[in-house]
Amino acid sequence: MKHDLTLQNETKEYLTAYFNGHIAYNSDMLEAMRHDIYRNIAKFDFYEQYLIAGNPRILHLILEGLAARPDSPLLLELLLFFHQFHPILPQLIGCYTQAFLQNNDDEDLFEMALDFIEATAENGYDAMAQLRVLFANNTNKLQLLDEVELQIQQSRETAWF
């Protein structure tokens with residue numbers, strides 16, 4: 001247990017130095033952040049301050065990770081959280097588009113579509129329409145989008161009660 005705490009503290013010190021501009025980016029940082037988040041039950045407790053502040057270095061780290069693994073649920077979640085406080089619609093659209101093209105798991109796609117549509121609606125972006133264009137030749141994904149649309153409608157209807 002003590003070893004885990006020491007490792008967590010070292011990881012946080014390492015990442016803090018990067019986020020504050022004291023050290024340059026390297027590819028180990030993404031893996032360190034990922035392991036740290038998965039080790040902690042309260043995922044974003046440490047990272048939240050940097051996401052809310054719009055720290056460009058944490059955004060860079062997230063985007064580098066998504067370039068390597070476009071459909072990472074953790075990185076997409078971090079990107080969405082960042083977007084809530086500092087809208088980055090073009091990056092969000094680009095990253096989610098890549099994620100949709102890479103992932104073929106229906107459950108993942110369903111959750112990603114719900115998150116994407118909800119996150120971009122506030123910016124006036126019609127993500128559902130764009131996803132339908134993206135998947136125009138894929139009947140399975142179009143059916144999935146029908147299910148997403150139904151879920152959204154049901155959520156709106158129950159919100160009135």
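The values are calculated or read from the model by the stated rules, or taken from the named source; none is laboratory data. It should be emphasised that the depicted structure is a prediction, and the values quoted were computed from it without experimental measurement. Backbone-built Cβ (ideal geometry, glycine too); neighbour counts: all protein chains shown.
No other residue among 107, 118 is part of a helix (DSSP H, G or I) and under 17 Å from residue 78 (Cα atoms) apart from 118. Number of residues in the range 101-127 that are under 18 Å from residue 138 (Cα atoms), over 16 Å from the mean Cα position of the chain (by Cα) and surrounded by 12 or more Cβ atoms within 10 Å (Cβ to Cβ) equals 2.
Looking at the structure I just gave you, is residue 86 in contact with a Gly (Cβ under 7 Å, 6 or more places away or on another chain), surrounded by 13 or more Cβ atoms within 10 Å (Cβ to Cβ) and touching a residue at least 12 places away in the same chain (Cβ under 8 Å)? Against the criterion (in contact with a Gly (Cβ under 7 Å, 6 or more places away or on another chain), surrounded by 13 or more Cβ atoms within 10 Å (Cβ to Cβ) and touching a residue at least 12 places away in the same chain (Cβ under 8 Å)), residue 86 qualifies. Beta carbons closer than 8 Å, at least 6 apart along the sequence or on distinct chains, pair a first residue in the range 125-153 that is farther than 15 Å from residue 114 by Cβ with a second that is modelled with pLDDT of 95 or more and in a loop (DSSP other than H, G, I, E, B) for 142/135; 142/136. Considering only the range 99-114, state which residues are farther than 12 Å from residue 145 by Cα and touching a Leu at 6+ places or on another chain (Cβ under 7 Å). Across the range 99-114, the qualifying residues are 99, 103.
Checking 80, 59 one by one, the residue that is under 25 Å from residue 148 (Cα atoms) and crowded, with 16+ Cβ neighbours inside 10 Å is 80 and no other. The condition (being under 26 Å from residue 140 (Cα atoms) and touching a helix residue (DSSP H, G or I) at 6+ places or on another chain (Cβ under 9 Å)) is satisfied by just one residue among 92, 51: 92. The listed residues are 74, 78, and the only one of them that is assigned to a helix (DSSP H, G or I), under 11 Å from the mean Cα position of the chain (by Cα), closer than 24 Å to residue 22 by Cα and touching a residue at least 24 places away in the same chain (Cβ under 8 Å) turns out to be 78. Condition check: touching a helix residue (DSSP H, G or I) at 6+ places or on another chain (Cβ under 8 Å), at pLDDT 95 or above, among the β-branched types (Val, Ile, Thr) and farther than 24 Å from residue 27 by Cα. Does residue 117 satisfy that? Spelling it out, residue 117 is indeed touching a helix residue (DSSP H, G or I) at 6+ places or on another chain (Cβ under 8 Å), at pLDDT 95 or above, among the β-branched types (Val, Ile, Thr) and farther than 24 Å from residue 27 by Cα. Restricting the range 39-63 to residues that are in a helix (DSSP H, G or I), more than 19 Å from residue 115 (Cβ to Cβ) and at pLDDT below 95 leaves a set whose member that is nearest to the chain's Cα centre (by Cα) is 49.
Residue pairs whose Cβ atoms lie under 6 Å apart, sitting 6 or more positions apart in sequence or on different chains, and linking a residue in the range 1-29 that is surrounded by 14 or more Cβ atoms within 10 Å (Cβ to Cβ) to a partner that is modelled with pLDDT of 95 or more and of a type in the set (S, T, N, Q), are 19/55.
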